[in-house]
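The next block holds one structure in the form of structure tokens; read it before the comments.
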Amino acid sequence: MIKIFASQHELSEALAREIINLIGIASGEKSAFSIAVSGGNTPKQLFTMLGDRFGELADWKLVHFFWVDERCVPPDHIDSNFRMTQDSLFSRINIPADNIHRIRGEDDPEAESLRYENDLRKSVAAINGLPSFNLMLLGLGVDGHTASIFPGNEALFHSERLCVSTVNPSTGQRRITLTGKVINNSASVVFHVTGSNKAEIVSKIIDPNRADKLFPASLVVTANNNLAWFLDKEAGALLDKET
Ligand code: 6PG
């Protein structure tokens, strides 16, 4: 499913409503809701709106936050995905600290990837014997990376591990990232992409006539085909209407 919105604001509002709706369904069933969020810049407006406009509409005691990936920096570092989520969302809602399962970017990457993997197995309901997130929120890099799986390192997506340490090839920054085993086992996956600089890569990944090569983001598929693209007009500009 591809949804294109006239502005980033409208996109943030629609995606926030979708998240609140999914949480509401889970809380109606009195079941926990596990969400894995990405970092970078795109989620900031969504998280701020989710907290400011919709924060009162969810029973956050049922919601458990995880990260799709993290930069190997301390939690108060400007690059930290946890810090970005803390500043834009957690500072606006009343969520129990135990429901926040951050990746400890300040620790040894290999040891932390193992610890986080154990937390996933312990804390996220399993389907097919693997953690299955209710919702996986993914971003997209202009090079076609998603999570911290970068072009040329697609093998990480197919790792037997649920979570691995890696490096951002353009900055050399150490990262910890979920692998395809967990990403593709999610009940629902949303790619949240904005901006004209992403239009080219979005069309190369979505438009079958343009899929001239596979990118890491191309490898994201869900068994139940529950994958949605939430795009603003700029990011969706090169998609023809029939896509
Ligand atoms: C990260 C993200 C990464 C991000 C894309 C898009 O840690 O950077 O998880 O996968 O989603 O790089 O980033 P922007 O939203 O900043 O364009």
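The values are calculated or read from the model by the stated rules, or taken from the named source; none is laboratory data. The model shown is predicted, which means the values in this text are computed figures rather than measured ones. Positions of Cβ are backbone-derived with ideal geometry, glycine not excepted, and every protein chain shown enters the neighbour counts. Quick note on the areas: whole protein, heavy atoms, side chains included, nothing else; ligands and nucleic acids left out. Shrake-Rupley method; radii C 1.70, N 1.55, O 1.52, S 1.80 Å.
Among the conditions (1) surrounded by fewer than 23 Cβ atoms within 10 Å (Cβ to Cβ); (2) in a loop (DSSP other than H, G, I, E, B), LYS181 misses just one, which is (2).
Put simply, of ALA126, ALA58 the only residue that is open to solvent by 50 Å² or more (accessible area, probe 1.4 Å), hydrophobic (A, V, I, L, M, F, W, C), out of contact with any Asp or Glu (no Cβ under 9 Å at 6 or more places or on another chain) and away from the ligand (no atom under 11 Å from the Cβ) is ALA126. Within the stretch 1-34, restricting attention to residues that are over 17 Å from PHE47 (Cβ atoms) and assigned to a helix (DSSP H, G or I), the residue that is least open to solvent (accessible area, probe 1.4 Å) is ALA26. Select from the stretch 66-86 the residues that are in contact with a strand residue (DSSP E or B) (Cβ under 7 Å, 6 or more places away or on another chain) and in a loop (DSSP other than H, G, I, E, B) and write down the one among them that is most open to solvent (accessible area, probe 1.4 Å). Within the stretch 66-86, the match that is most open to solvent (accessible area, probe 1.4 Å) is ASP79.
Residue-by-condition table, conditions (1) modelled with pLDDT of 95 or more; (2) under 15 Å from MET136 (Cα atoms); (3) in contact with a Cys (Cβ under 9 Å, 6 or more places away or on another chain):
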{"site": "ALA6", "(1), (2), (3)": "yes, no, no"}
{"site": "LEU11", "(1), (2), (3)": "yes, no, no"}
{"site": "ALA16", "(1), (2), (3)": "yes, yes, no"}
{"site": "SER27", "(1), (2), (3)": "no, no, no"}
{"site": "GLY39", "(1), (2), (3)": "yes, yes, no"}
{"site": "ARG53", "(1), (2), (3)": "yes, no, no"}
{"site": "TRP60", "(1), (2), (3)": "yes, no, no"}
{"site": "VAL63", "(1), (2), (3)": "yes, yes, no"}
{"site": "PHE82", "(1), (2), (3)": "yes, no, no"}
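Has the stretch 131-153 got at least one residue that is surrounded by 15 or more Cβ atoms within 10 Å (Cβ to Cβ), within 12 Å of the ligand (Cβ to nearest atom) and farther than 28 Å from SER12 by Cα? The answer is no, given that none of the residues of the stretch 131-153 is surrounded by 15 or more Cβ atoms within 10 Å (Cβ to Cβ), within 12 Å of the ligand (Cβ to nearest atom) and farther than 28 Å from SER12 by Cα.
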